[in-house]
């Protein structure tokens, strides 16, 4: 049974990876928005940010845009559940001789892997735009990318488990994704934000992902890397558990 479980996780993970690399247009298209933010905001607001005494804006902005690219890729991976339901693949998967938690975990692992790869691509691109992290910080940074990816892939999977059409999923995701991104401190320092924004950001999972990347790559973080890492790990475990519980109730 253990061998079947590991094999099932591997197959579901591999399927997600193949889907990602098979769609070249998806990879290229998903890089457009991060590049636009890095160039337009990074260079456009750099002088204003520097004049306020906060340093180089590209150094501050890049971790937030890396987290943004992971957020979008991870949470929208839930659409594939709805897609598989409509084309009958989900029903075939659910009758496999493995637990539904195994199926959900394999899908989440695959979605988190592709979202992490998306973040690494944006990190590489940001190096050409002017972002300058230390080479020794790359591995801790990738760990934070994986944590962010797990959190929001599990969230996307949980929500998609309760929906049956792509239009409904896209409306809900747009309602969630944009506030999560803009209220995470990805584009502006939270220590100078209004109190209401700070309180919202405190309960925003992406806040700790962005801050964790800044703690690793720069000196602009609010919390320590350990604090952000522990919070993200706890949130990831909670979201995976909730996603697994909701996936148990899914109807193909």
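Readers should treat all values here as calculations from the given coordinates under stated rules, not as data from a laboratory. Please read these numbers as outputs of a predicted model, since none were measured by experiment. With ideal geometry, Cβ positions are generated from the backbone for all residues, glycine too; neighbour counts draw on all protein chains shown.
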Once you have a ≥ b ≥ c as the square roots of the Cα gyration tensor eigenvalues for region 113-252, tell me rounded if a/c is under 1.5, and otherwise prolate or oblate according to whether a/b is larger than b/c.
prolate
Note down the nm distance, to one decimal, between modelled labels 7 Å out along Cα→Cβ at residue 142 and at residue 171.
4.1
Based on the Cβ-Cβ distance of residue 203 and residue 224, what FRET efficiency does E = 1/(1 + (r/R0)^6) give at R0 = 25 Å, to the nearest 0.05?
0.85
Take the alpha carbon atoms of region 183-252, find their center, do the same for region 114-166, and report the distance between the two centers in whole angstrom.
13
Project the alpha carbons of the chain onto their principal axes and report the range along each, largest first, in whole Å.
61, 37, 35
Rounded to the nearest 10 degrees, what's the angle between the helix 100-129 long axis and the longest principal axis of the chain, both from Cα atoms, 0 to 90?
30
So which residue, out of 210, 231, 146, gets the largest mean-square fluctuation from a GNM of the chain using Cα contacts under 10 Å as springs?
231
Ordered by fewest other Cβ atoms within 10 Å, a rough proxy for footprinting exposure, 18, 249 read 249, 18
Per region 191-252, sqrt(5λ) over the Cα gyration tensor eigenvalues, sorted largest first, in Å, gives 29, 15, 8
Compute the angle between helix 24-36 and the longest alpha-carbon principal axis of the chain, please, reported from 0 to 90 degrees and rounded to the nearest 10.
30
Can you give the extra length, in nm with one decimal, that the chain gains between residue 191 and residue 129 once fully stretched, where that is 0.36 nm per residue apart less the Cα-Cα distance?
19.7 nm
